[in-house]
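One structure below.
The values are calculated or read from the model by the stated rules, or taken from the named source; none is laboratory data. Values in this document were obtained by computation on a predicted structure and should not be read as measured data. Every residue, glycine as well, gets a Cβ built from its backbone with ideal geometry; the counts of neighbours run over all protein chains shown.
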Amino acid sequence: MTSRKNVLKYYAATLGAVALGVVATTATANADEIYTVKSGDTLSDIAVQYTKTTDAVDTIAKNNSISDVNLIVTGQKLLITSDGTVRAATDEEVATTPAADQSTTSSDSSSYTSSTSGSDAAAKAWIANKESGGSYGATNGQFIGKYQLSASYLNGDYSAANQERVADQYVANRYGSWTAAQSFWQANGWY
């Protein structure tokens, strides 16, 4: 009986190693890319777009001794590495690294202007402050952005314009107004 258990253990270990090897060999690595900062970009938007996390913002600030993580300059070149870090690119890296596909970044997304005003605008700002401190790059598990919406609602577009549009639609459909959403939040601790 012991020999049969050992054969089963060996078989399971071998099968696991083969499965792990298949997973490891099918994973694709992204190459390093150069991102050119455009007007309207934020580090949070760039980090979420290319690394799917806002952790890169802290790395960028730390690596470049930036005291204000919101300060980036139009035309600045950032290196986005295959391991998910983002930092200012050197001249040599700019010359030898391919440019990132910037066709899906936040500043290329269609613009959206929210029509909320008065008490609804105040309620919307209150909810954004409670949910994310007003940061479009905030993440909490499956919840993304300024209004901490489910990633599935945002359909992979984490741009500020899309977050505003989806938040307005969500609140209109679920609560009817931002004021009603705020009342619900105050009663339940979420909206």
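Quick look at the values:
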item: Residue count, the range 143-191 (criterion: within 12 Å of the chain's Cα centre (by Cα), buried (at least 19 other Cβ atoms within 10 Å of the Cβ) and charged (D, E, K, R)); result: 1
item: Residue under evaluation T81, criteria (1) touching a helix residue (DSSP H, G or I) at 6+ places or on another chain (Cβ under 8 Å); (2) of a type in the set (S, T, N, Q); (3) at pLDDT below 85, criterion not met; result: (1)
item: Residues of the range 107-134 classified as buried (at least 17 other Cβ atoms within 10 Å of the Cβ) and in a loop (DSSP other than H, G, I, E, B), total; result: 2
